[in-house]
Protein chains: 2
Amino acid sequence: MKTLDCLIIGGGFAGLQCAQRLHQAGLAVQVLEARERLGGRTRVAPLAGRTVDIGGQWIGAGHSELTALAQAAGAAIVPQYAEGARLLHLTSGHRDRVKRYRGLIPNANPLALLELDRAIRRLNRDSQSLSLDAPWQAAQASRWDHETLATWKQRHLRTRTGREIFDIAVRSVMTAEPGMLSRLGFLFYCASNNGFEALTSVEGGAQAATVGGGMVQLAEHLAAPLQAEHRVALNADVHRIVRTEHAWRVEDRQQRQWHAHRVVCALPPALQDRISVEPALPADRARLANRMPMGSVIKVVVAYATPFWREAGLSGEAVSHSLPFNTVFDASPREGATGALVGFIDGAPARHWSARPSEERRQAVLDSLVRYFGPQAAEPLDYVEHDWVTDPWSRGCYVGLMTPGLLTELGPALRTPWSGIHWAGTETATEFCGYIEGAIRSGQRAADEVLTALADRRR
Amino acid sequence: MKTLDCLIIGGGFAGLQCAQRLHQAGLAVQVLEARERLGGRTRVAPLAGRTVDIGGQWIGAGHSELTALAQAAGAAIVPQYAEGARLLHLTSGHRDRVKRYRGLIPNANPLALLELDRAIRRLNRDSQSLSLDAPWQAAQASRWDHETLATWKQRHLRTRTGREIFDIAVRSVMTAEPGMLSRLGFLFYCASNNGFEALTSVEGGAQAATVGGGMVQLAEHLAAPLQAEHRVALNADVHRIVRTEHAWRVEDRQQRQWHAHRVVCALPPALQDRISVEPALPADRARLANRMPMGSVIKVVVAYATPFWREAGLSGEAVSHSLPFNTVFDASPREGATGALVGFIDGAPARHWSARPSEERRQAVLDSLVRYFGPQAAEPLDYVEHDWVTDPWSRGCYVGLMTPGLLTELGPALRTPWSGIHWAGTETATEFCGYIEGAIRSGQRAADEVLTALADRRR
């Protein structure tokens, strides 16, 4: 059997970008994807006659590689609709009221506003002090990494309203609760994504635009030249990587085997852990899997006869501290009269609702939408959802989470190649970690590592 | 192929105890153990002509089931040698000096002593307020679970000496750093094990006695009646559990299959995660694996011509905040002139030293022993070690760790059976969680669940 230059495990944006770059450089590569489709944590579904994103969806400000890819693929980049007021639903203080607001921070009580403003400035100042390549080297790294984000919140936010708004923001960005996250990890995440405000913003932020026809087509565009030469294997559920005398042997559960000089694992650590490596990985790399759990999210898109909220002066953006469907955006088709809302059940509630019957979950989502947008929301044209929590090939979304102690104890293991195995995936990204843009850049970085290593070998 | 009543995955104390109880009750059972030996996280090795424990070793005060098992097996229960002074090596304040002490807390500066005493009383008071069955229901559970133990330490211990001593205790008990542990998780661990002092103590504590000839013989005693009827399969590396029409099919990597009505997973969550379950486990149970990393420890036993430290009035017990070999006990043979010391490289340093060449690691251990006990420690008769961090069938020791948010978000998933699958292992224990005693009790509890479930089915 022929020994390839490089095997790439994972056919998401990181793996495909890496493979494409190596392929263009003339290397013999093969992508091994466990699913029956490409695109990883992006995914499309039919809804009321359209194709909608039910996975990774947004092109954010500064996402230059993803933008270039969309342009190369000839896909339409559609600004996220954001005209009008946003809605905020708080439990505390506001006595279960839905409030309208504009700008980044809702018009809450002045004390909450003041301390939120100060807290965000503090977060940004601390995060700007980090090196994206090695946040674990910051002077305060140990102290920041051994504290949860909840502890930090308790110290810097004293009002219930301030804390609830902060929880909402963290939950929507990380799909997890502040109490399980490292403060240093969150600071790094902010630094990697142009700051706290950008993470939570549409215009100029991480939710700036979408791709007409869905994000997956960009993965398919990346894959096309590889597929034309049969360089992509689907349903290849890799479960074993074994060192041979001169190379690595990679095996899937259907007993297929491939051989290559280099292997790129383009998977989050929590998934990579399902693959046994012989000889064993270094302890730090192996341990990442148990220290970097995936976030929890169920994504839902609901179609309506009209974007009725727009007539009420609403942008469709809504967030809540206590409603199950806790973050919502407009997802109406660009032109045409019908409407759609896209949103998320994030964090711990995602696991709760994941275990409920789908009818009950659908009702909870519609009840949330009625609470935000009124009785018209109870009558959808169509409904589609994807439970990323139980998706066996993602085991959660959006991203592997940085738990306390992870970065300072294991940070260098995220990207350090070992014995011919390289690491890609948005979890390994320095810039735009957690986003498709980070995945792409990580794939480029891993490809460059492989090219350098193989060039050295040939010299 | 015959459908058994119950398959037990894992041949450690939990799995063997469970299987033995079911077997005694007349059920058709089979134990599937991935290793080529039984005993799980216990293990023996030859050292200077003796057999010594290189894994789980101690019978603690209150470990009634383990004591009864030792008695039933006819094994000698040997009190841990503890006569004489202990040694404490601190970095701070004491300027790299080794100090002798007696009692629980070293004779450090008065302020450190005072605040340590107060902190331990506070820990015990809080831990006593917990229900062992449901620590997540405590009034303060959410607050305690969303804070690291390091944050708690920073607040309640102000002196560097106090903090270093606390770190030493936590590291030796949990084989992990306080900065990655949930405060609630640690409180539960204390409550489950008769309090903070008991965890760190020899007499009346968790290190009260050992078993002459090694702990593994007790696992073998448990297994004997099962093995006599070929109810134990070794080298059975289970990787898949599939629901069939009437039962579960369990497959190992050598394509062997077994069928049973019930399955007991007697593994820590981090190992259970390597087994794919179809249909998928509920989200909370699946997620435990990524939220409960194993501790990190390398265990070493060193033999000497004589127990020379005893002549110097030392018990052989030594701890350090900065030396690699950070916790040491006497392990000399009960009778006879030779000596031995057993000890640990715990926590983050274990992963560092795991990656170093064995000669270098051996030297670091001996250098530590010289620092504690003087130049005689440089000339051992024999040396044996086991790196539990990279042991593929343990992936760390002593125990799966409770990270922030774990208990309040996922606690009930630890023990709740699902669709005929039950959970055992010391991580699931309410009493003596983390110890062999906890493993045994968890096996009894899981066996009782299976007996009840099958009896209900027959009625």
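The values are calculated or read from the model by the stated rules, or taken from the named source; none is laboratory data. Everything numeric here is computed off the predicted structure, so don't read it as measured data. No Cβ is skipped: glycine too gets one built from the backbone with ideal geometry, and neighbour counts run over all protein chains shown.
So here's what we get for this one:
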| item | result |
| --- | --- |
| Residue, surrounded by the most Cβ atoms within 10 Å (Cβ to Cβ), within the range A:332-369, restricted to residues that are under 15 Å from A:ASP53 (Cα atoms) and within 18 Å of the chain's Cα centre (by Cα) | A:GLY343 |
| Unmet requirement for B:TRP144, which otherwise passes all of (1) among the hydrophobic types (A, V, I, L, M, F, W, C); (2) more than 14 Å from every other protein chain (Cβ to nearest Cβ); (3) within 24 Å of the chain's Cα centre (by Cα) | (2) |
| Subset tally (residues that are of a type outside the set (A, V, I, L, M, F, W, C) and either touching a His at 6+ places or on another chain (Cβ under 7 Å) or within 8 Å of chain B (Cβ to nearest Cβ) (or both)) for the range A:271-301 | 11 |
| Of residues in the range B:13-22 being of a type in the set (Gly, Ala, Ser) and under 23 Å from B:VAL389 (Cα atoms), the one surrounded by the most Cβ atoms within 10 Å (Cβ to Cβ) | B:ALA14 |
| Lone qualifier among B:LEU116, B:LEU87, B:LEU123 - being crowded, with 20+ Cβ neighbours inside 10 Å and assigned to a strand (DSSP E or B) | B:LEU87 |
| Close pairs from the range A:256-279: first closer than 23 Å to B:ASN290 by Cβ and free of Cβ contacts under 8 Å to residues at least 40 places away in the same chain, partner crowded, with 24+ Cβ neighbours inside 10 Å and aliphatic (A, V, I, L, M), Cβ under 6 Å, at least 6 apart | A:ASP273/A:ALA289 |
| Among (1) within 14 Å of chain A (Cβ to nearest Cβ); (2) more than 28 Å from B:VAL173 (Cα to Cα); (3) of a type outside the set (A, V, I, L, M), the one test that B:PRO268 misses | (2) |
| Unique match (being out of contact with any Pro (no Cβ under 7 Å at 6 or more places or on another chain), of a type in the set (A, V, I, L, M) and outside the structural domain of A:PRO333 (by TED's automatic domain parsing)) among A:VAL170, A:VAL238 | A:VAL238 |
| Given (1) free of Cβ contacts under 8 Å to residues at least 24 places away in the same chain; (2) under 29 Å from A:HIS352 (Cβ atoms), number of the condition A:ALA139 does not satisfy | (2) |
| Candidate set: the range B:388-403, residues that are buried (at least 24 other Cβ atoms within 10 Å of the Cβ) and within 11 Å of chain A (Cβ to nearest Cβ); chosen: the one farthest from the chain's Cα centre (by Cα) | B:THR403 |
| Options B:ALA340, B:ALA424, B:ALA348; residue that is farther than 26 Å from B:GLY443 by Cα and either more than 14 Å from every other protein chain (Cβ to nearest Cβ) or among the aromatic types (Phe, Trp, Tyr) (or both) | B:ALA340 |
| Residue among B:ALA413, B:ALA377 that is within 14 Å of chain A (Cβ to nearest Cβ), surrounded by fewer than 23 Cβ atoms within 10 Å (Cβ to Cβ) and of a type in the set (A, V, I, L, M) | B:ALA413 |
| Residues of the range A:165-175 that turn out to be under 22 Å from A:ASP96 (Cα atoms) and within 14 Å of another protein chain (Cβ to nearest Cβ), as a count | 4 |
| Residue count, the range A:126-156 (criterion: touching a Lys or Arg at 6+ places or on another chain (Cβ under 9 Å) and either part of a helix (DSSP H, G or I) or of a type in the set (Phe, Trp, Tyr) (or both)) | 11 |
| Wholly within the range B:295-401, strands (runs of 3 or more DSSP E) carrying at least 3 residues that are farther than 30 Å from B:LEU271 by Cα and of a type in the set (Gly, Ala, Ser) | B:314-320 |
| Selection count, the range A:2-37, where residues are outside any helix (DSSP H, G or I) and among the hydrophobic types (A, V, I, L, M, F, W, C) | 12 |
| Sole exception among (1) surrounded by fewer than 20 Cβ atoms within 10 Å (Cβ to Cβ); (2) of a type outside the set (D, E, K, R); (3) within 14 Å of another protein chain (Cβ to nearest Cβ) for A:PRO178, by number | (1) |
| Any hit, the range B:92-100, residues being among the β-branched types (Val, Ile, Thr), at pLDDT 95 or above and surrounded by 16 or more Cβ atoms within 10 Å (Cβ to Cβ) | no |
| From A:SER127, A:SER182, residue being of a type in the set (Gly, Ala, Ser), out of contact with any Cys (no Cβ under 8 Å at 6 or more places or on another chain) and outside the structural domain of A:LEU406 (by TED's automatic domain parsing) | A:SER182 |
| Residue match in the range B:111-125 (condition: within 14 Å of chain A (Cβ to nearest Cβ) and not basic (Lys, Arg)) | no |
| Residue, nearest to the other protein chains (Cβ to nearest Cβ), within the range B:250-260, restricted to residues that are under 30 Å from the mean Cα position of the chain (by Cα) and surrounded by 16 or more Cβ atoms within 10 Å (Cβ to Cβ) | B:ARG253 |
| Any hit, the range A:59-71, residues being outside any loop (DSSP other than H, G, I, E, B), modelled with pLDDT of 95 or more and among the acidic types (Asp, Glu) | yes |
| Conditions (1) more than 30 Å from A:GLN128 (Cβ to Cβ); (2) more than 14 Å from chain B (Cβ to nearest Cβ): number failed by A:GLY195 | (1) |
| Scope the range B:416-431; condition out of contact with any helix residue (DSSP H, G or I) (no Cβ under 6 Å at 6 or more places or on another chain), buried (at least 24 other Cβ atoms within 10 Å of the Cβ) and over 18 Å from B:GLY295 (Cβ atoms); matching residues | B:TRP423 |
| Any hit, the range A:200-209, residues being among the charged types (D, E, K, R), out of contact with any helix residue (DSSP H, G or I) (no Cβ under 9 Å at 6 or more places or on another chain) and assigned to a loop (DSSP other than H, G, I, E, B) | yes |
| Count of residues meeting criterion [within 18 Å of the chain's Cα centre (by Cα) and charged (D, E, K, R)] in the range A:38-87 | 4 |
| B:LEU406 vs. criteria among the aliphatic types (A, V, I, L, M), more than 24 Å from the chain's Cα centre (by Cα) and at negative phi | no |
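Residue by residue, here is whether (1) more than 21 Å from B:TYR398 (Cβ to Cβ); (2) buried (at least 23 other Cβ atoms within 10 Å of the Cβ); (3) β-branched (Val, Ile, Thr) holds:
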| position | (1), (2), (3) |
| --- | --- |
| B:GLY11 | no, yes, no |
| B:GLN24 | yes, no, no |
| B:ARG35 | no, no, no |
| B:ALA48 | yes, no, no |
| B:GLY60 | no, yes, no |
| B:GLU65 | no, no, no |
| B:ALA72 | yes, no, no |
| B:ALA76 | yes, no, no |
